[in-house]
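A short reminder: the numbers here are calculations on the coordinates, not readings from a lab. Remember, it's a predicted structure, so these values are computed and weren't measured experimentally. A quick note on method: Cβ atoms are made from the backbone with ideal geometry, for glycine too, and the neighbour counts reach across all protein chains shown.
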Amino acid sequence: MLKNIALKIHRNPELAFQEKKAVKILTKPLKEAGFNVQVGLAGMDTAFKAVWENNNNKNKPKIAFLAEYDALKEMGHACGHNLIGTIAVGAALALTEVCNELPGTLMVLGTPAEEGGGGKVIMADQGIFDDIDAVILCHPKNKTMTIRDGLALVHVKFKFYGKESHASVAPEKGISALEAMINSFVAINSLRQFVKDDVKIHGIINKGGVAPNIVPKYCEAEFLIRASTLEELEKVKLKVYEAVKHAGGTVGADVEIEEGLEYADRNNNKKLANLFKNNLEKLGEKVSPPPKIGEIGSSDIGNVSHLTAAIHPYIKICSEDIINHTPEFKEAAASKKGIDGMIKAAKAMAMTGYDLFYKDGVLKEVRREFNTWEAKEKGGSSK
Ligand SMILES: [Zn+2]
Ligand SMILES: [Zn+2]
């Protein structure tokens, strides 16, 4: 059944906030198993909550398995989110089938639009994670790892406004939004040697003018800026914005900065990660250590990990030379290895859920680690 779910979502890729079919496919078996399902959450039609409650103990503890199911533009499920959603559903079904009378609440939370839309940021801002004790999300990758850092990230659009004119007859009457944009790319490149090693700034051109014989009136670039923490990101961001404003100004263009959602850096709960690691190893999976340097992206799980104990482990579904966001990874996300990895991850997630609900003191330790981190973060940060 899980295989069919994963392959069906893979065959029907849907972009951020449009994942209607995926939500239907994922919630159906949960409903049938007796979960209380609510589709539409935090103002998003394609977010969902499936709850398994024990009437004798409605509140605590509350554990959530997180599902993602959005695809990439023009690439389909090249990040394997069809497997993430299925892992969460499979784990929840397995755990509740074995433990009908769970001592607490188990949820599957459907979190849309991870690839740029920040579904979890929106859910986090609306308090969806506030009373949850621990969350687990498992992502497919070319390596199995239970701990990996994630960079803080901000999504920005730079809009350049100039003035049209004939590019040959009267160029002096125009202001080139394109030159302003090109200057900005150069200015950002000049900044690179004056930021920390783990800072990443990368962008594309969305709009570069209409025709070569018209001085471009409007151009637009889209950037992602990443740094190791939100605090560091704040500093880098301001440097980039200043550089872009000045660079745009050199040709007399106006610059508008449109800032999107911010993803926080990832606070891995090591105790929880260790439980997941032990369970994967019991299932015969080799778990790799986190990368020593580089190989780090960003995810909206970061924001969740600042609110509750969270892990975002990875399950190997292909050889190490295959990278997410490629056609090869898309193929892996529907391959036998992909499905086998998915099943293993679902089992490890169910077993970790079991540990949290039933093993004495385990959840307490997980929570203690998070509370210590939170106290330090609140005490040490100026925000
Ligand atoms: Zn991705
Ligand atoms: Zn992904």
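Before moving on, here are some points about what is shown:
- In a DSSP loop and with at most 13 other Cβ atoms within 10 Å, the GluC sites (Glu not before Pro) in the stretch 311-366 are GLU320.
- Among beta bridges from DSSP that stay inside the chain, the antiparallel ones total about 70%.
- Subtracting the Cα-Cα distance of GLU97 and SER168 from their residue separation scaled by 0.36 nm leaves 18.2 nm.
- Dipole moment magnitude, nearest 20 debye, the stretch 208-344 about Cα centre, only Lys, Arg, Asp, Glu C-beta charged: 780 debye
- Exposure proxy ranking, count of Cβ atoms within 10 Å, fewest first, for TRP52, TRP373: TRP373, TRP52
- Charging the Cβ of each Asp and Glu at -1 and of each Lys and Arg at +1, and nothing else, the dipole of the chain about its Cα centre rounds to 760 debye.
- Rounded, prolate or oblate (a/c below 1.5 giving rounded, otherwise prolate when a/b exceeds b/c) for the stretch 28-159 by Cα gyration tensor: prolate
- Ranked MET351, MET342, MET75, criterion: other C-beta atoms within 10 Å, fewest first: MET75, MET351, MET342
- Relative to the dominant Cα principal axis of the chain, helix 20-33 is inclined by about 10°.
- Where labels lie 7 Å past Cα in the beta-carbon direction, separation of LEU191 and LYS60 in nm: 4.4 nm
- Subtracting the Cα-Cα distance of ASP360 and ASP125 from their residue separation scaled by 0.36 nm leaves 81.4 nm.
- The GluC sites (Glu not before Pro) of the stretch 62-104 meeting both criteria, a DSSP state outside H, G, I, E and B (loop) and at most 11 other C-beta atoms within 10 angstrom of the site's C-beta, are GLU74, GLU101.
- Our helix-only sum for the chain, with -39,500 (n - 2.57) per DSSP H run of n ≥ 4 divided by its residues, gives a mean residue ellipticity at 222 nm of -12500 deg cm²/dmol.
- The stretch 65-128: C-alpha gyration tensor shape, a/c 1.5 cut-off, then a/b vs b/c: oblate
- Within the listed set PRO212, PRO140, PRO289, the Gaussian network model of the chain (springs between alpha-carbon atoms below 10 Å) gives the highest mean-square fluctuation for PRO212.
- Once the chain from THR326 to ILE293 is taken as fully extended at 0.36 nm per residue, the excess over their C-alpha distance is 9.7 nm.
- Mean separation of Cα contacts under 8 Å, 6 or more apart, over the residue count of the stretch 272-341: relative contact order %: 25 percent
- Degrees between helix 81-98 axis and first principal axis of the chain (Cα, 0 to 90, nearest 10): 20 degrees
- Taking every C-alpha pair closer than 8 Å and separated by at least 6 residues, the mean separation divided by the residue count of the chain gives a relative contact order of 22 percent.
- Taking N as the residue count of the stretch 320-383, its C-alpha radius of gyration divided by 2.2 N^0.38 Å amounts to 1.75.
- Residue exposure sequence - VAL121, VAL169, VAL108 - by fewest surrounding Cβ within 10 Å: VAL169, VAL121, VAL108
- Selection from CYS318, GLY379, ILE122 lying farthest towards where the dipole of the chain points positive, charges on Cβ: CYS318
- Simple rule: put +1 on each Lys or Arg Cβ and -1 on each Asp or Glu Cβ in the chain, find the dipole, and look at ALA253, GLY85, ALA47; the Cα lying farthest toward the positive end is GLY85.
- Overall, the stretch 135-280 carries a charge dipole of about 720 debye about its Cα centre when +1 sits on the Cβ of Lys and Arg and -1 on the Cβ of Asp and Glu, all other atoms neutral.
- Shape category assigned to the chain from the gyration tensor of Cα positions, a/c cut at 1.5: prolate
- Residue (of ILE214, ILE132, GLN18) at the positive-pole extreme of the chain, dipole from beta-carbon charges: ILE132
- 21 Å tail of the calculated P(r), the stretch 152-263, as % of Cα pairs: 36 percent
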